[in-house]
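The values are calculated or read from the model by the stated rules, or taken from the named source; none is laboratory data. Please read these numbers as outputs of a predicted model, since none were measured by experiment. Don't worry about glycine lacking a Cβ; one is built from the backbone with ideal geometry, like all the others, and counts go over all protein chains shown. To get the accessible areas, we keep the full protein, side chains included, count just its heavy atoms, and leave off ligands, DNA and RNA. Shrake-Rupley method; radii C 1.70, N 1.55, O 1.52, S 1.80 Å.
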Amino acid sequence: MNVLIVGSGGREHALAYSVAKSDKVDKIYCAPGNAGIAELAELVPIDSMEFEKLADFAQEKEIGLTIIGMDAPLVGGIVDVFEKRGLRVFGPRKNAAILEGSKVFSKNLMKKYQIPTAAYENFDSAEAALAYLETSNYPIVLKADGLALGKGALICNTKEEAKDGIKTLMLDKQFGSAGDKIVIEEFLIGREVSVLCYCDGTTILPMTSAQDHKRAKDNDEGLNTGGMGTFSPSPFYTKEVDAFCRKYIYQPSMDAMKAEGRDFVGIMFVGLILTKEGPKVLEYNARFGDPETQVVLPRMKNDIITVMEACIDGTLDKIDLQFEENACVCVVLASEGYPLEYEKGKVITGFENFKNKDGYYVFHAGTKKTEEGIVTNGGRVLGVTAKGSDLKQARKNAYAATEWISFENKYMRHDIGKAIDEAVDGITSN
Ligand code: AMP
Ligand code: GLY
C-alpha cells in the first residue's frame, strides 16, 4: 500500500523509518516532511492544516493509510475530513483529540472518572484566577487550556511569579486563544515518564516507557522546550508501576472517553509523574511524542502498519506488542538560542558517519535541503539516537554519535539520561 505521513519533525522521521520497514508498504509520501524524511519518502508541499488538499492528494495517489503525526491537525479535525471521504487514517477524531486540545476538558474528565491527577481549578477570567492566588500554596502550576507547542505550562514558585504568569497567558495572550481559559493546579514532585499507548476505542496497549527532558539546559534549568532528549525504557517505570497504570489510568482513560461518546482511536500519550502517593497523570497528548517516538519505535518489533490497522479496525486485542530487550537514547541537537531566538541556514556535515551503522540513527527535525547541502531550519535540528545493550551503553553510544555531526551554533544538553545513573540497581522496567 501507499502511506502518507503528515508532519515534518523528528517524530515523523522516526515514523517514516518504521513504516519503511513494513513489507506491506510500497511507497511513502510525507507532507510537508524535511530533508531526512526525503530519503525515505516523496515530499509533498501541502501544509498540515490544509485538510481538503491532503485528502485530495490521498485520493489521487491511492493512499491506503494516512498517519497524522502532529497535534494541531488532529485537534482541528483532519481525521473527520478523511473519514468522510472513506479514506483510512490513523489518529483520533476531533471529538477525541480534545483530550490534548483542552486541558480543562482532560482535567474534568479525570476528576469525573477518578483518574489520579493533580488537584486543580479552572478559570476563564484573569480576575478570578488572580483572586485564587491569594489563598494558594506555592509552587503552583498554570496551564493554558489550548495547544501551546508544549510551552503552555508555567511553574510558579511565588505569588508574584504566578501573577506574571496569569498576565502572560490570559492578558498578553502569549499563546493566543489557547490562554482564554487556564487550569491552575497543585505542584507535584516525582520522576516523569511518558507512555505512548495504541488505542482502538476499546482496547489500549501501552508501549515501552520513555523519559523526556523538557528544559533547555543541563540539570533541568532554563525554559521549557518541545523536548531536548529522551531515553527508553525508564528504570523508574517498574512492573508494579506499569500494573498500577494499566488498572487505574490507561484502561479507565479509554473507558471514560468511550462513556463520553468520544471513542479514542490512535495514540494516547500519557504523561505521568511518579509521586510518593503513586503515579498521576500530568497531561494527555493525542499523538506520538517528540522525541519519545525516536527512542520507542526503534525498539518495537511489531510491524507498525499491522498495529495501526488493528487500531482502526478495532482488533487491537489480537496484537501482542513486543519490544527489544535493550535501550535507546536520543540527544537533540538544537540551534543555540532555542526555544527563543536562533539563526537558521547553517550547513550541517557528518551524516555519512551514520551510513551502515546498525543501531545508530540521525532523525531530522528542523532541516532543509539547499544547493549548499542540508542546512539548519528550526530550533530542534536533529535527534541523534543510538541503541545499546542497556541504558548506560545506549547513552554512551548516543553521545559518541553527537560528535559525528557538525554545524555552527550546535547546542545540546549533556545530561540526557543522567537519571539512569541514579536509578536503583536491580530495578526491572517495562
Ligand atoms: P504539560 O504541558 O502539562 O505536560 O507540562 C509541561 C511540564 O511541566 C511537565 O512535563 C512537567 O515537567 C511540568 N509540570 C506540569 N504539571 C505539573 C505539576 N502539576 N507539577 C509539577 N510539574 C508539572
Ligand atoms: N515530548 C513531549 C511531547 O511530544 O509533547
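Miscellaneous remarks
- For the range 325-359, GluC sites (Glu not before Pro) are listed when DSSP marks them as loop and at most 16 other Cβ atoms sit within 10 Å of their Cβ; the list is Glu325, Glu336, Glu341, Glu343.
- Whichever aspartates and glutamates have a C-alpha closer than 18 Å to that of Lys61, once near sequence neighbours (fewer than 8 apart) are set aside: Asp26, Glu42, Asp47, Glu50, Glu52, Glu83
- Among the trypsin sites (Lys or Arg not before Pro) in the range 170-268, those placed in a DSSP loop whose Cβ has at most 15 other Cβ atoms within 10 Å are Lys173.
- Annotation: Cα Rg of the range 63-177 relative to the compact-globule expectation 2.2 N^0.38 Å equals 1.29.
- In plain terms, if you count all Cα to Cα distances in the range 197-294 and split them into 10 Å steps from zero, the share in each step is 15, 45, 32, 8, 0 percent.
- Computed over the range 73-137, Kirkwood Rh from alpha-carbon pairs, angstrom: 14.3 Å
- The alpha carbons of the chain occupy a box of 59, 47, 46 Å along the principal axes, longest dimension given first.
- The listed residues Ser18, Ser125, once ranked by accessible area (1.4 Å probe) with the largest placed first, stand as Ser125, Ser18.
- Packing here is the average count of other Cβ atoms within 10 Å per residue, and on that basis the peptides 38-44, 100-106, highest first, run 100-106, 38-44.
- In order through the range 130-135: 3J(HN,Hα) via Karplus (6.51 cos²θ - 1.76 cosθ + 1.60), integer Hz, x for Gly, Pro: 5, 5, 5, 4, 5, 10
- Reported to the nearest whole Å, the Cα centre-to-centre distance from the range 119-144 to the range 169-224 is 18.
- Computed [θ] at 222 nm, deg cm²/dmol, the chain (DSSP H ≥ 4; -39,500 (n - 2.57); rounded to nearest 500): -7500 deg cm²/dmol
- 31 Å Cα-Cα threshold exceeded, pairs from Lys151/Lys396; Lys239/Lys410; Lys346/Lys396; Lys276/Lys357; Lys27/Lys396; Lys53/Lys368: Lys239/Lys410; Lys276/Lys357; Lys27/Lys396
- Tail weight of P(r) past 16 Å, computed on alpha-carbon pairs of the range 264-387, percent: 73 percent
- Euclidean distance of C-alpha centroids, the range 386-411 and the range 1-24, integer Å: 23 Å
- Compactness of the range 328-430 is given as radius of gyration and Dmax, 14.9, 52 Å, from Cα positions.
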